[in-house]
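*Asks:* This is the structure I want to talk about, given as structure tokens.
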Amino acid sequence: MAGTPALDTSTESPQCILLAGAHGGVGAALAQTLCARFPQSTFLTISRHDIPRLSPTHQHLKIELENPSSVSAVQDWLFRSPLPNWVVNCCGTLHWQDHRPEKSLRECDDRAMLRSFSINALTHLHLAQALDPLLKRRSPLTWASLSAKVGSIEDNHLGGWYSYRMSKAALNMLIRNLSIEWGRKIDSCKVVAIHPGTTDTPLSKPFQANLTEGKLFSTELSASRIADVIQNLAEDDTGRLLFWDGSPIPW
Ligand SMILES: NC(=O)c1ccc[n+]([C@@H]2O[C@H](COP(=O)([O-])OP(=O)(O)OC[C@H]3O[C@@H](n4cnc5c(N)ncnc54)[C@H](OP(=O)(O)O)[C@@H]3O)[C@@H](O)[C@H]2O)c1
């Protein structure tokens, strides 16, 4: 009915969930958690890999989100699917075969910088670009990108890790921008970045030795906390970077 506020069903019980990066450590655990928590929801996943079928309604797209051609391919796929009202993007990288996080300027090189930016920021931009033309003013949307506390400029007192920090800061700015653009376009819209905390995945493996006890979380625990944060988002959380307990981290 014209003039009636849209019912915000986006957070409590999503009808359709889209999860990108579903093969990663946190991504795979989050897929299991969300499927178990919302068995009635249609489940859409994106990954560079094949993944096992998660539910009777599960649809999977194998694609590389880093590639700009993924925008139109994901969009074509989404046109044929229900409109997701929860989107969670887990894509990110810290190190790879010939790249370790930089301790100083001397260790920075353009190729690693650009690859970090591509995986940590552009995979999220491309997914947003694919979804954007499908969004409807009266269909609530909740979007969560997994980011990292080290992407906070204000919180940076240690330095180092140039490519990861810079690319996560870029992702954080993307999230802030998206919250503004989609906030104007959709009646009920929550767009956030979430820091999962140090989680036992290939991404954190080389850096786990010096952690104090209790500071390394299992993927199951992190996934459950991330799902809790998304489920409990308030309207005024939009545009924020949040801890795994839902508290805000300064940008
Ligand atoms: N683990 C931690 O301690 C920690 C701490 C803070 C923040 N985070 C953030 O949490 C997110 C998930 O990380 P994780 O720990 O689950 O890491 P992971 O196990 O290494 O997973 C990497 C993730 O990035 C995706 N990805 C997409 N394109 C990629 C590419 N070209 N190269 C490498 N990965 C690509 C993977 O998706 P597919 O394989 O499905 O394609 C997967 O979801 C990341 O954004 C990370 O920055 C993690």
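*Asks:* Which of the residues belonging to segment 148-163 are part of a helix (DSSP H, G or I) and within 13 Å of the ligand (Cβ to nearest atom)?
*Replies:* 149, 150, 151, 163
*Asks:* Right, here's the next one. What are the residues in segment 188-206 that are within 12 Å of the ligand (Cβ to nearest atom) and hydrophobic (A, V, I, L, M, F, W, C), if any? Quick ask: steps written out before the conclusion?
*Replies:* Kept after step one, since they are within 12 Å of the ligand (Cβ to nearest atom), are these residues of segment 188-206: 193-206.
Listed by number, the residues that qualify are 193, 194, 203.
*Asks:* Inspect segment 133-144 for any residue being buried (at least 22 other Cβ atoms within 10 Å of the Cβ) and over 17 Å from residue 88 (Cα atoms) and give the result as yes or no.
*Replies:* No, there is no match, as no residue in segment 133-144 is buried (at least 22 other Cβ atoms within 10 Å of the Cβ) and over 17 Å from residue 88 (Cα atoms).
*Asks:* Within segment 215-251, how many residues are assigned to a loop (DSSP other than H, G, I, E, B), touching a residue at least 60 places away in the same chain (Cβ under 8 Å), buried (at least 17 other Cβ atoms within 10 Å of the Cβ) and within 14 Å of the chain's Cα centre (by Cα)?
*Replies:* Within segment 215-251, residues that are assigned to a loop (DSSP other than H, G, I, E, B), touching a residue at least 60 places away in the same chain (Cβ under 8 Å), buried (at least 17 other Cβ atoms within 10 Å of the Cβ) and within 14 Å of the chain's Cα centre (by Cα) number 1.
*Asks:* Being more than 16 Å from the ligand (Cβ to nearest atom), open to solvent by 70 Å² or more (accessible area, probe 1.4 Å) and among the acidic types (Asp, Glu) is true for just one of 76, 98. Which residue is that? Steps first, please.
*Replies:* Values: 98 fails: more than 16 Å from the ligand (Cβ to nearest atom).
None of the others qualify; the one that does is 76.
*Asks:* Whether any residue in segment 189-201 is assigned to a helix (DSSP H, G or I) and open to solvent by 60 Å² or more (accessible area, probe 1.4 Å) is what I want to check.
*Replies:* The answer is no, given that none of the residues of segment 189-201 is assigned to a helix (DSSP H, G or I) and open to solvent by 60 Å² or more (accessible area, probe 1.4 Å).
*Asks:* Still on this structure, please answer the following. For residues that are out of contact with any Lys or Arg (no Cβ under 9 Å at 6 or more places or on another chain) and either without any contact (Cβ under 8 Å) to a residue 24 or more places away in the chain or surrounded by 19 or more Cβ atoms within 10 Å (Cβ to Cβ) (or both), tally how many sit in segment 146-161. Break it down into steps so the answer makes sense when it comes.
*Replies:* Step one: of segment 146-161, the residues out of contact with any Lys or Arg (no Cβ under 9 Å at 6 or more places or on another chain) are 146, 154, 157-158.
Cutting the leftovers down to either without any contact (Cβ under 8 Å) to a residue 24 or more places away in the chain or surrounded by 19 or more Cβ atoms within 10 Å (Cβ to Cβ) (or both) gives us 146, 157-158.
So the count comes out to 3.
*Asks:* Report yes if residue 145 is of a type in the set (Gly, Ala, Ser) and either at pLDDT below 95 or closer than 21 Å to residue 44 by Cα (or both), otherwise no.
*Replies:* The answer is yes for residue 145.
*Asks:* Residue 110 - would you say it is more than 22 Å from residue 19 (Cα to Cα), touching a residue at least 12 places away in the same chain (Cβ under 8 Å) and of a type in the set (Asp, Glu)? Lay out the reasoning, then the answer.
*Replies:* Values: more than 22 Å from residue 19 (Cα to Cα): yes; touching a residue at least 12 places away in the same chain (Cβ under 8 Å): no; of a type in the set (Asp, Glu): yes.
For residue 110, the condition - more than 22 Å from residue 19 (Cα to Cα), touching a residue at least 12 places away in the same chain (Cβ under 8 Å) and of a type in the set (Asp, Glu) - is not met.
*Asks:* I would also like to ask the following. Give all pairs with beta carbons closer than 6 Å in which a residue from segment 170-187 that is among the small types (Gly, Ala, Ser) meets a residue that is open to solvent by less than 40 Å² (accessible area, probe 1.4 Å); count only pairs at least 6 apart in sequence or on separate chains.
*Replies:* Matching pairs, first to second residue: 170/121; 179/191; 179/239; 183/189.
*Asks:* Across segment 164-187, which residue is nearest to the ligand (Cβ to nearest atom) among those that are touching a strand residue (DSSP E or B) at 6+ places or on another chain (Cβ under 8 Å) and open to solvent by less than 10 Å² (accessible area, probe 1.4 Å)?
*Replies:* Going through the qualifying residues, I end up with 171.
*Asks:* Filter segment 44-71 down to residues that are β-branched (Val, Ile, Thr) and more than 9 Å from the ligand (Cβ to nearest atom) and give me whichever is least open to solvent (accessible area, probe 1.4 Å).
*Replies:* The extreme case among them is 71.
*Asks:* Here's something else I'd like to know. Cβ contacts < 6 Å: first residue on the phi > 0 side of the Ramachandran plot, restricted to segment 12-38; second residue in a loop (DSSP other than H, G, I, E, B) and near the ligand (Cβ under 8 Å from one of its atoms), any location; separation 6+ or different chain. Result?
*Replies:* From segment 12-38, the pairs are 21/90; 21/91.
*Asks:* If residue 210 passes every condition in (1) under 24 Å from residue 72 (Cβ atoms); (2) at pLDDT below 95; (3) of a type outside the set (Asp, Glu) but one, which one does it miss?
*Replies:* (1)
The values are calculated or read from the model by the stated rules, or taken from the named source; none is laboratory data. Just so it is clear, the model here is predicted, and its values are computed rather than measured. As a convention, Cβ positions derive from the backbone with ideal geometry for all residues, glycine included, and neighbour counts pool all protein chains shown. Side chains are part of the model used for accessible areas, which takes the heavy atoms of the whole protein and leaves out ligands, DNA and RNA. Shrake-Rupley method; radii C 1.70, N 1.55, O 1.52, S 1.80 Å.
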